[in-house]
Amino acid sequence: MAHVILGLLLIAPQSFYDLIKGFEAGVALFYSASSGSIKRALDTLLARGFIEVASVEAGGRGRKVYHLTDAGREEFHAWMTGEPTGPDLETAALSRLYFLGLLEPVERVAVLRRITARIEADLAALSALDKQLDKHFDALDVPEEHRDLATHQRATLDYGIASHRFALDWFRDHIERHGPPDR
């Protein structure tokens, strides 16, 4: 979440309220966050020196407007151009895609290729599990009363494989449509 906030603040300085609205208006398409989690992330980013208070509005609430520091810009750039990590591939991929336009055009394809490589690796792992289950399914000796359960659990793996295949095709197509022209 911290990197998503950095991306939003790179677009424009914003208040806590503005950030909440930014999550609701677009980021919620791929990332769900409560106001409490946004506030905790802001406090952490402030403590790490990645953001600072740009201004405090006069009045009853003293609304703070936050903006990125140079260290925050560097952290955001390192995250965007680094390997997509974490257990939730979809969030890692879509959060980078959402902010891809903030990078220089020459950097974008490399980011998309790293995402594609992660999808390929995760798909390979799921496919290997699928083959292993195919090979040993009858030997697993699933009790009759759990066969329906096992069938639907297996469907979860099938869905994961199909989802990764779709994502892989989609990102490859996106690279073709928005990558640099071949020379």
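The values are calculated or read from the model by the stated rules, or taken from the named source; none is laboratory data. Remember, it's a predicted structure, so these values are computed and weren't measured experimentally. So basically every Cβ, Gly included, is an ideal-geometry build from the backbone, and we count neighbours across all protein chains shown.
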**Prompt:** If you check every pair at least six apart or on different chains, which have Cβ atoms under 7 Å apart with a residue in the range 43-61 that is in the same structural domain as Leu19 (by TED's automatic domain parsing) first and a residue that is charged (D, E, K, R) and at pLDDT 95 or above second?
**Reply:** Phe50/Glu75
**Request:** Confirm whether Ala12 is closer than 20 Å to Glu90 by Cβ and not β-branched (Val, Ile, Thr).
**Result:** no
**Asked** Is one or more of the residues making up the range 115-130 at pLDDT below 95, farther than 30 Å from Thr81 by Cβ and either in a helix (DSSP H, G or I) or of a type in the set (Gly, Ala, Ser) (or both)?
**Response** yes
**Request:** Sort out for me the helices (runs of 4 or more DSSP H) sitting completely within the range 1-84 that have 1 or more residues that are touching a helix residue (DSSP H, G or I) at 6+ places or on another chain (Cβ under 8 Å), of a type in the set (Phe, Trp, Tyr) and more than 20 Å from Gly101 (Cα to Cα).
**Result:** 16-25
**Item:** Flag for Arg48 being out of contact with any Pro (no Cβ under 9 Å at 6 or more places or on another chain) and at pLDDT 95 or above
**Value:** yes
**Prompt:** Mind checking which pairs have a first residue in the range 147-175 that is free of Cβ contacts under 8 Å to residues at least 40 places away in the same chain and surrounded by 14 or more Cβ atoms within 10 Å (Cβ to Cβ) and a second that is among the aliphatic types (A, V, I, L, M) and not in a helix (DSSP H, G or I), Cβ under 6 Å, 6 or more apart or different chains?
**Reply:** Ala150/Val142
**Message:** Could you list, ordered by first residue, the pairs with Cβ atoms under 8 Å in which the first is in the range 70-89 and more than 14 Å from Ile51 (Cβ to Cβ) and the second is part of a loop (DSSP other than H, G, I, E, B), at least 6 apart or interchain?
**Reply:** His77/Leu103; Met80/Leu103; Thr81/Leu103
